[in-house]
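I have placed the structure first, in the form of structure tokens, so that the comments after it can refer back to it.
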Amino acid sequence: MAAEAPKTPELTVLVPVFNEAENIPLLVARLTQTLEGCVASYEIVFVDDGSRDATMQALRAVHERDPRVDAISFSRNFGKEVAIAAGLDHARGDAVVIMDADLQHPPETIVEMIAKWREGFENVYGLRRDRATDSKLRRALTQRFYRLFARLGETRLPPGAGDFRLLDRKAVNALMRMRERARFNKGLYSWIGFKSVGVPYDVADRAHGESKFTYSKLTRFALDGLMSFSTVPLMVWTFIGMTVSFLAFFAAAYIVVSTLINGTDVPGYASLIVSISFLSGIQLMSLGILGEYVGRIFAEVKGRPLYIVSEHLSVDEGDRAPRKAAQPNDAE
Ligand code: UDP
Ligand code: MG
């Protein structure tokens with residue numbers, strides 16, 4: 001292949017991978033075919049998120065054949081959100097396309113995204129036409145989550161938009177400045193703003209393997225999303241507390257009046273136990289929610305690095321150092 005690795009390519013394609021050995025050669029072939037005609041130069045940056053299969057071997061093989069393919073390998077699984085952050089740190093393109101490795105995101109859609117970018121849009125997101133490739137249960141839960149997010153979250157998410165998108169260098173630099181550990185990229189993409197537009201696409205079936213997201217991973221992700229973009233769960237307790245105290249005030253008045261009229265009334269054990277356990281339940285729940293936020297604050301203040309790289313496959317590392325985001329407000 002006559003390809004050379006450009007220092008600052010026009011486009012970076014960023015692909016987080018976790019146990020995707022079989023999909024890598026397919027994806028690289030489809031991407032190469034699509035990109036050759038439509039951009040001046042490009043690089044493909046794979047972030048291997050602690051895969052336990054032959055993903056790294058597959059990446060090494062494509063890297064040797066084509067120097068435009070880079071790979072960063074994590075020391076363990078850090079999750080897709082962090083893998084995307086790492087990829088953005090290492091991307092050198094004037095624009096970055098983020099996509100999945102399993103060919104569910106059709107590479108051909110990138111051509112339309114690039115057209116929008118050339119029109120001047122800086123945040124071009126793929127809009128999935130439907131979610132037919134997900135299971136019924138996952139679809140139902142996802143829909144609930146987005147409804148809840150729309151109600152509680154302080155950031156608007158375009159419905160149907162996900163990680164498959166093109167970001168202009170300006171947007172990438174903005175994202176690189178957000179070093180939060182509990183990451184919810186979908187929220188961050190909206191939060192940064194910029195001229196945005198959607199490009200519809202049809203979600204294909206996974207080429208090989210199975211979805212890497214278990215329900216427990218998805219639950220964690222949903223909690224991270226809600227808690228990084230909303231403090232409403234904390235505020236709810238203020239209102240519940242106020243309502244309960246208000247009711248207790250009336251209950252007290254009622255007891256005083258009834259004691260004056262009917263004298264003391266010893267029975268009442270059942271109602272006491274019920275109200276005590278009800279209120280303890282509420283208190284424990286509110287403590288739990290508080291704890292979730294405190295735990296997240298703890299994770300942030302420890303200031304650990306977002307990820308640990310164990311290996312970096314790249315041509316001429318020194319020469320092709322990652323672009324640094326301008327960080328004018330970072331003087332601390
Ligand atoms: N992925 C990752 N780290 C993880 C889980 C997934 O980098 O911990 C990658 C995965 O290899 C794929 C992309 O994220 O390229 C989307 O994952 P998947 O297709 O399993 O998710 P789904 O399509 O079910 O949302
Ligand atoms: Mg997938």
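The values are calculated or read from the model by the stated rules, or taken from the named source; none is laboratory data. Keep in mind that what you see is a predicted model, and the values were worked out from it rather than measured. Cβ placement follows ideal geometry from the backbone for every residue including glycine, while neighbour counts extend to all protein chains displayed.
Listed values, structure above:
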read-out	value
Identity of the residue in the stretch 123-147, among the hydrophobic types (A, V, I, L, M, F, W, C) and farther than 22 Å from Glu210 by Cβ, that ends up farthest from ligand 2 (Cβ to nearest atom)	Val124
The one condition in (1) in a loop (DSSP other than H, G, I, E, B); (2) farther than 24 Å from Gly162 by Cβ; (3) free of Cβ contacts under 8 Å to residues at least 60 places away in the same chain that Arg76 fails to fulfil	(3)
Filter result (of a type in the set (D, E, K, R) and surrounded by fewer than 17 Cβ atoms within 10 Å (Cβ to Cβ)) within the stretch 35-52	Glu36, Arg52
Search result, residues across the stretch 211-229 that are among the basic types (Lys, Arg) and surrounded by fewer than 18 Cβ atoms within 10 Å (Cβ to Cβ)	Lys217, Arg220
Counted residues, the stretch 70-96 - those being away from ligand 2 (no atom under 16 Å from the Cβ), closer than 15 Å to Val17 by Cβ, touching a strand residue (DSSP E or B) at 6+ places or on another chain (Cβ under 7 Å) and β-branched (Val, Ile, Thr)	1
Cross-chain or 6+ apart pairs with Cβ under 6 Å, the stretch 44-55 first and under 15 Å from Val28 (Cβ atoms) and of a type in the set (S, T, N, Q), then within 9 Å of ligand 1 (Cβ to nearest atom) and in a strand (DSSP E or B)	Thr55/Val17; Thr55/Asp48
Hits in the stretch 296-314 - residues which are part of a helix (DSSP H, G or I), surrounded by 12 or more Cβ atoms within 10 Å (Cβ to Cβ) and either in contact with a Cys (Cβ under 9 Å, 6 or more places away or on another chain) or not charged (D, E, K, R) (or both)	Ala299
Counted residues, the stretch 162-214 - those being more than 16 Å from ligand 2 (Cβ to nearest atom) and of a type in the set (Lys, Arg)	7
Candidates Leu313, Leu306, Leu272 - the one that is more than 30 Å from Pro9 (Cα to Cα) and either over 48 Å from the mean Cα position of the chain (by Cα) or of a type in the set (A, V, I, L, M, F, W, C) (or both)	Leu272
Answer from Pro67, Pro16, Pro25, Pro9 - the residue that is more than 16 Å from ligand 2 (Cβ to nearest atom) and buried (at least 19 other Cβ atoms within 10 Å of the Cβ)	Pro9
Filtered residues of the stretch 146-178 (kept if of a type in the set (Lys, Arg) and modelled with pLDDT of 90 or more)	Arg165, Arg169, Lys170, Arg177
Selection status of Lys186, out of contact with any Ser or Thr (no Cβ under 8 Å at 6 or more places or on another chain) and either within 23 Å of Arg129 (Cβ to Cβ) or in contact (Cβ under 8 Å) with a residue 60 or more places away in the chain (or both)	yes
Condition met for Ala252 (surrounded by 10 or more Cβ atoms within 10 Å (Cβ to Cβ) and of a type outside the set (Val, Ile, Thr))	yes
Lone unmet requirement of (1) of a type in the set (Val, Ile, Thr); (2) within 15 Å of ligand 1 (Cβ to nearest atom); (3) closer than 21 Å to Ile44 by Cβ for Thr133	(3)
Matching option when the condition is surrounded by fewer than 20 Cβ atoms within 10 Å (Cβ to Cβ) and under 23 Å from Phe194 (Cα atoms), among Ala140, Ala115	Ala115
